[in-house]
Structure formats: structure tokens, C-alpha cells
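Have a look at the structure below, then the notes.
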Amino acid sequence: MDRKILAQKALEMRKYSYVPYSGFRVGAALLTKDGKIYTGCNIENAAYTPTNCAERTAFFKAVSEGERDFQAIAIAGGPGDAGEPLKLCSPCGVCRQVMMEFCDPETFEVILVQSGEDYQVYLLKDVLPMGFGPGNLGKREPGKNMKDQ
Ligand code: THU
């Protein structure tokens, strides 16, 4: 896995953010197990609650095109435009829950990006301890046997 390329893509995607309310631009790059990258940005709304985070944009693009198996997501977010290094942008609880649906918490990487060369790597199980997932409903374990779903 080339984490640098994923980090770079997440940074690039910030330019497409639609953020008239917060001005907080987030980009995401989601890597499938077979090496494809799906990107996303945050998309805000005047009614606020319909706002979609960059991470979920990337997941929903990928899942809606038939992808089910993922290995990592890079996330870059902060106020303002490209240039200065960012503070870490940790995914919101809703996005962590969407990751839990489709990814193996033991292996899926959440990569928090500050610049193209500077990022921190976490596992989903560490950013969402004791997460509730498909296994709790007697379905498959998260991230396992996804091709049959
Ligand atoms: N946001 C994301 O896109 N991803 C995150 O991980 C955190 C928050 C967005 C939602 C909203 O458009 C803006 O950042 C401020 O909360």
C-alpha cells in the first residue's frame, strides 16, 4: 500500500469541498483491497443535517459501484485552502460507524494526514473500540465475506 499517494489524494480532494457554512475543507481517499482509490469531499447544506462528510462521500461512491472490500482511508481536513500543514482531522462517529459496516476493524487503516509526507496511521479497532457491527445482528463479522453481501 502506498500511503503517500493516498495522503496526497486526500489533500487534493479538499479543493472540491462544498463548505459555505464551516469553511472547514475535508478530503478523503479510500483504498480498496484490489488497489482502486475512491475519493470524497465534504458537502454541506443550508439545513445543516444533510451535510455529508468526506469519508462517507468516498465510501458511498465506492459501495454504489459494487466495491465491498477496503484496506485504508486517508483523511485530510482543516480550515482554509491548500498550503500550510493541517492539524489532524479525526473522523466523526457517524463515519467510524460506516467504516465498521464495511471494514475489518483488525486491519483497516485510518490515515490522518497533515501533509503529503506527514501522517499518522491508526487501526479502525483503535478509533472505534467495542464498535457495533453486522456481527451483533448475527450477520457476518465486519469486513469478512463481503463478496456475498
Ligand atoms: N467533516 C468531515 O467531512 N469529516 C470529518 O472527519 C469531520 C468533519 C466535515 C463536516 C462539516 O462539513 C465540516 O467538516 C465541519 O464539521
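Things to note:
- Database remark: amide H of Thr51 closer than 5 angstrom to the amide H of Asn45 (H placed geometrically; neighbours at sequence offset of 5 or more, or on other chains; Pro and chain starts carry no H).
- The accessible-area ordering, largest first, of the residues Ile5, Ile111 stands as Ile5, Ile111, per a 1.4 angstrom probe.
- Between Ser115 and Thr51, the FRET efficiency from the beta-carbon distance, with R0 = 25 Å, is close to 0.45.
- Loop-exposed GluC sites (Glu not before Pro) per DSSP, neighbour cap 16 Cβ within 10 angstrom, longest uninterrupted part of the chain: 1-64
- Length gained when the stretch Asn136-Ser64 is fully extended (0.36 nm per residue, less Cα-Cα span): 23.5 nm
- Annotation: amide H of Gly133 has no partner in the under-5 Å range at sequence separation 5 or more or interchain, hydrogens built in the peptide plane.
- Segment Tyr18..Asp126, full-extension length gain: 35.9 nm, with 0.36 nm per residue of separation and the alpha-carbon distance subtracted.
- For the range 69-131, the alpha-carbon coordinates run over 35, 21, 19 Å along the three principal axes, in decreasing order.
- Comparing mean-square fluctuations of Met99, Met13, Met130 from a GNM of the chain with C-alpha springs under 10 Å, the top value falls on Met130.
- At R0 = 30 Å, FRET efficiency that the Cβ-Cβ distance of Glu84 and Thr107 yields, to 0.05: 0.40
- Accessible area expressed per residue, the chain, with surrounding protein chains retained (probe 1.4 Å, Å²): 52
- Stokes-Einstein diffusion coefficient of the chain, Kirkwood radius over Cα pairs, 10 °C, 1.306 mPa s, in µm²/s: 104
- The fraction of accessible area contributed by carbon and sulfur in the range 30-115 is 55 percent, rounded to a whole number (1.4 Å probe; ligands and nucleic acids excluded).
- Considering helices alone, the calculated mean residue ellipticity of the chain at 222 nm is -6500 deg cm²/dmol, with DSSP H runs of length four and up weighted by -39500 (n - 2.57) and normalised per residue.
The values are calculated or read from the model by the stated rules, or taken from the named source; none is laboratory data. Bear in mind that the values here come from a model prediction, so they are computed numbers and not experimental data. A quick note on method: Cβ atoms are made from the backbone with ideal geometry, for glycine too, and the neighbour counts reach across all protein chains shown. All accessible areas refer to the heavy atoms of the entire protein, side chains included, with ligands and DNA or RNA removed. Shrake-Rupley method; radii C 1.70, N 1.55, O 1.52, S 1.80 Å.
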